[in-house]
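The values are calculated or read from the model by the stated rules, or taken from the named source; none is laboratory data. Keep in mind the model is a prediction, meaning the values are calculated, not measured. A quick note on method: Cβ atoms are made from the backbone with ideal geometry, for glycine too, and the neighbour counts reach across all protein chains shown.
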Amino acid sequence: MSQLASLFLDTGRFEVRRATLDDVAAIVGLLIDDELGATREDGSDPSLTPYQVAFGMIDADPGQLLLVVTSEDSSVAATMQLTFIPGLARRGALRAQIEAVRVGSRYRAQGLGEAMVNWTITEARRRGCRLVQLTSDKQRTAAHRFYQRLGFTASHEGFKLNL
């Protein structure tokens, strides 16, 4: 497993690495361990087939970086997905899109989410991105305050169409 970074917090050391197929169950658990995710995700299928298929597509795409953050006991404490989007706008700027940031309930309010996002910003700069963007559900007001504290601005209105 390729470690990408170490995050040092008062509560311990965490490792950032690319997710593997073996991490899918833990990632789904983090998605379910969330107020909104509990209504959208389905961990009842023990095979986790749709999640494994999606993992395969994400893992095969060089523009995707699905990450897990592990605690000192090697358990998955958090996850997030980083997508690198080339575009013509902003003079051909490369963007980094942060998605699906989830920190396990046991590790919340300890600075792990902030350390993860800060690492992501550093990684985006390292890869030549000129912009880091994310979306956050309108119901997640605490997350909005969190992202604003980290310097993000609510500059756009997002739209989605469920298919």
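Below are the figures for this structure:
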item	result
Selection status of R125, at pLDDT 90 or above and within 14 Å of I98 (Cβ to Cβ)	yes
Condition broken by L30, with the remaining ones in (1) of a type outside the set (D, E, K, R); (2) surrounded by fewer than 18 Cβ atoms within 10 Å (Cβ to Cβ); (3) at negative phi; (4) in contact (Cβ under 8 Å) with a residue 40 or more places away in the chain satisfied	(2)
Residue within segment 52-75 that is closer than 23 Å to L7 by Cβ, touching a helix residue (DSSP H, G or I) at 6+ places or on another chain (Cβ under 7 Å) and in contact (Cβ under 8 Å) with a residue 60 or more places away in the chain present	yes
Unmet criterion (only one of (1) exposed (fewer than 14 other Cβ atoms within 10 Å of the Cβ); (2) under 15 Å from V16 (Cβ atoms); (3) free of Cβ contacts under 8 Å to residues at least 40 places away in the same chain) for L88	(2)
Selection count, segment 101-112, where residues are closer than 20 Å to I27 by Cβ and either in a loop (DSSP other than H, G, I, E, B) or in contact with a helix residue (DSSP H, G or I) (Cβ under 7 Å, 6 or more places away or on another chain) (or both)	6
Set A93, A60: member being among the small types (G, A, S) and exposed (fewer than 12 other Cβ atoms within 10 Å of the Cβ)	A60
Answer from V28, V103 - the residue that is in contact with a Phe, Trp or Tyr (Cβ under 9 Å, 6 or more places away or on another chain) and closer than 20 Å to R140 by Cβ	V28
Qualifying residue in segment 44-54 (condition: of a type outside the set (G, A, S), crowded, with 16+ Cβ neighbours inside 10 Å and either part of a strand (DSSP E or B) or at pLDDT 95 or above (or both))	no
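One line per residue, one yes/no per condition, for (1) out of contact with any Leu (no Cβ under 6 Å at 6 or more places or on another chain); (2) outside any helix (DSSP H, G or I); (3) charged (D, E, K, R):
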| site | (1), (2), (3) |
| --- | --- |
| G56 | yes, no, no |
| L67 | yes, yes, no |
| T83 | yes, yes, no |
| R90 | yes, no, yes |
| E99 | yes, yes, yes |
| E123 | yes, no, yes |
| G128 | no, yes, no |
| F146 | yes, no, no |
| H156 | yes, yes, no |
